[in-house]
Amino acid sequence: MSAPVELRNSASNRSSSAAGSFLMAAIFGFYMLKGLVNGADGGRVFLVALLALGFLGLGGFFVRGAFDTSVKVTLDQRGFRDARLGDALVPWSRVQSVRLSSLGKGSGMVSFELNEEPPDQIRRAPANALNQILPFGGNTVHMEINSLDMSGQEIIAEIERLAPHVVVDR
């Protein structure tokens, strides 16, 4: 039995997002101070201050994710498990096909078409709320992969290795 593949947050993806958010916070903070010094209207200065604080908070959120080293997705001989989607094991026997959302470097989602309903933990997971609102298909599980430390093509290659019976839609 081969070792499981464990996917974690990509520190580089999260760090660059945090840097961009902090940069935007600094820019808005500069304009807030400039507005205060020049006697600008208080409502506009307040709005710019809110934007600065919002970007500062978003940067903090991204930094927290960059240092989160816990396992987010596990692929092994039995199936796949996404801790962000209720941490339920979906056996490969239930997976009919898998599809990568786009073949470019920025592939954002792997979609698993199941031959039956997904486990209740996945359907009720907050990260899967979009499936409950939009008609994506009741037997499809969408796994966001932009934040993970493997590319979409590498994940598909691991799925082909672990579950050769699963059809890969290209």
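The values are calculated or read from the model by the stated rules, or taken from the named source; none is laboratory data. Since the model is a prediction, treat every value here as computed from it, not as a measurement. Cβ sites come from the backbone with ideal geometry, for glycine too, and all protein chains shown count toward neighbours. When the accessible area is computed, the model is the full protein with side chains, heavy atoms only, and any ligands, DNA or RNA have been set aside. Shrake-Rupley method; radii C 1.70, N 1.55, O 1.52, S 1.80 Å.
Observations, loosely collected:
- Among Arg44, Arg94, Arg64: highest mean-square fluctuation, GNM of the chain, C-alpha pairs under 10 Å: Arg44
- Given R0 = 41 Å, the distance between the Cβ atoms of Arg84 and Ile27 translates into a calculated FRET efficiency of 0.85.
- FRET efficiency, 1/(1 + (r/R0)^6) with R0 30 Å, evaluated for Leu50 and Thr140 via beta carbons: 0.20
- Computed over the chain, the ratio Rg/Rh where both radii use C-alpha atoms and Rh is Kirkwood: 1.13
- Residue of Asn146, Asn115, Asn38 that the Gaussian network model of the chain assigns the largest fluctuation, springs spanning Cα pairs under 10 Å: Asn38
- Degrees, to the nearest 10: 152-162 long Cα axis against longest axis of the chain: 20
- Beta bridge orientation in the chain: antiparallel %, DSSP, nearest 5: 85
- Net dipole in debye of the chain [+1 Lys, Arg Cβ; -1 Asp, Glu Cβ; about Cα centre; nearest 20]: 440
- Angle of helix 42-66 to the longest C-alpha principal axis of the chain, folded into 0 to 90 degrees and rounded to 10: 30°.
- Simple spin-label estimate for Ser151 and Gln77 in nanometres, 7 Å along Cα-Cβ: 3.0
- Dipole of the chain, positive end: most advanced residue of Ala18, Pro119, Gly39 [Cβ charges, Cα centre]: Gly39
- ³J(HN,Hα) computed for each position of segment 114-121 - Karplus, 6.51 cos²θ - 1.76 cosθ + 1.60, integer Hz, glycine/proline x: 9, 8, 7, 4, x, x, 4, 4
- With only the Cα atoms considered, segment 1-42 has a convex hull volume of 55 Å³ per residue.
- Per residue, in Å², the accessible surface of the chain once ligands and nucleic acids are set aside, probe 1.4 Å: 57
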